[in-house]
Every structure is written in structure tokens, then in C-alpha cells.
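> Can you keep this structure in mind? I'll have questions shortly.
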Amino acid sequence: MPIDLQPPPPRGWAARQARWVARIKCAALRQLHASAAGERLLLRVYLIGEEATEIALASDLAGTPPDWLARQMEHHLADERRHAAAFAAELAARGGPAPSGEPGRPDLLSRRKIAQWRELAQRYGGQFGAGMIVPAFAIGLCAEQMASRVLQRHCALIGAGHPLHPLLAGVLADEDRHVRLCSHTLERLVAPQEQPALASLLERIRAIDRSWGVTGAIGMYLAGLALRLRPAA
Ligand SMILES: [Fe+2]
Ligand SMILES: [Fe+2]
């Protein structure tokens, strides 16, 4: 039976935690949209996410992929560069820094998460005939699914009439396509007997993501609140 690559619905404590994180993130988005500086920070967070994906796609983790996959990764990388450029342009239009064209350094929380994911990839790489490319795409799948969830929540919260909606909805459509792309790639690369190892790897990647969920959501909320209150102070 093919492995289910969709994140399983959380149960028990994890389900309660997911509901809190979702509520705090919605409250954080409202705070951030309440000031121009908050909206710039949101765009900056998206820009950093896109640049981190760009760095991951071009990193050594994937090794030397077969030709069919190298071509697919080039197209994928072009999409992520286009997203980064669109967020950088929107940021500049709102008084942020002019686009540099070079990926910036991810924030501390993202760097920690990426380091933990890389460590996990090293541990699991030997369990797959295709090698490190499988953990690289497993991380990619989870990151694309996460991006899709974040953008869906954001688009639903601001509504279709908001000036940022077309940009976010356009990126969301691409991230959903990337989720399908990563899923198909994993289905092609992973042999039937390797599926339990992939299931275990996906669970661990998602557990690392969840472990940062509350911290990240509270950090976003506090940043939004501070930026909203700053002009009054
Ligand atoms: Fe993207
Ligand atoms: Fe993507």
C-alpha cells in the first residue's frame, strides 16, 4: 500500500496544541496587519522563508540528482526565486529595503530548525537506495505543506479584498503545486520496502516543526503587538 504523505490529523494533546498555535497565529496576524511596520515584518518573514527554500534547493543535501530530477529542481528553484523577488518588491514598495537579489540569512529560530532537519537527514540517508535525496525531499515536502497551511490561514483571515491577497494566493497556488511535486518525487524514489523508514522520517520532521510551533506563534504575536503600540509610545 502506498504511504500516505499527508500530515496525519493531530490527536489528543497534539490536537489541543495545534488549536492553540492556530489561534495565537491568527491573533498575531491581526496585530501585524494593524501597523505598516507589522505588515513589512510579515513580508520579511515570507521573504526569509522563500530564501531559505532557495538555499535548501541549491544545497549539498540533495547531492547529484538524476537528470529528470535536476530539471524539475531547476524549475522549482525558479519558482522560489520568483516568490522571493515578489515579496522583496512588495516590501520595497512599502518602504522596506530595496531588493538585493541575494538570499539573506534566516532568523535564529529557522536556523535551529533547519540544523535539526539536516541532522535528521544525515541519520536517515543510509536507509534509502536513492540516498540523501530522499530525506532532502521529505524535508522539502513538509516545508511546502507548512507553507501551504500558513498561506491558507493568512488568505482566509485577510479575505479576497485585501491588497496583499493576490500575492499570497498566487504563492499559495505554487506551494500547493510544490507539495504535489515533492509527493510524486518521493513516490518515485522510495522503494516499497523503504516506506516504513520514510513514514518514520516524516513523523520526526513534523515533530521538530511542532516543537517550535508555540514559540514561533508567541514570538509573532509579541512582535505584532510591539509594532502596533510603537507609534503611541
Ligand atoms: Fe515559495
Ligand atoms: Fe515552494
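> In debye, nearest 20, what is the charge dipole magnitude of region 1-126 about its Cα centre with +1 on Lys and Arg Cβ and -1 on Asp and Glu Cβ, if you could check?
840
> How long is the gain from Ile218 to Asp107 if the chain were fully straight, where each residue apart is worth 0.36 nm and the alpha carbon distance is subtracted?
38.4 nm
> Taking only DSSP H segments of four or more residues, each worth -39500 (n - 2.57), what value at 222 nm results for the chain once the sum is divided by all its residues, to the nearest 500 deg cm²/dmol?
It comes out at -26000 deg cm²/dmol, rounded to the nearest 500.
> Evaluate the charge dipole of the chain about its Cα centre and quote only its size in Debye, nearest 20, assuming +1 on the Cβ of each Lys and Arg and -1 on the Cβ of each Asp and Glu.
For this selection, approximately 1120 debye.
> Given the options Ser211, Gly126, Ile3, identify the residue whose Cα lies farthest towards the positive end of the charge dipole of the chain (+1 on Cβ of Lys, Arg; -1 on Cβ of Asp, Glu).
Ser211
Only the coordinates and a few stated rules stand behind these numbers; no lab work does. Bear in mind the structure is a predicted one, so any value in this text is a computation, not a measurement. FYI the Cβ positions are ideal-geometry reconstructions off the backbone, even for glycines, and counts take in every protein chain you see.
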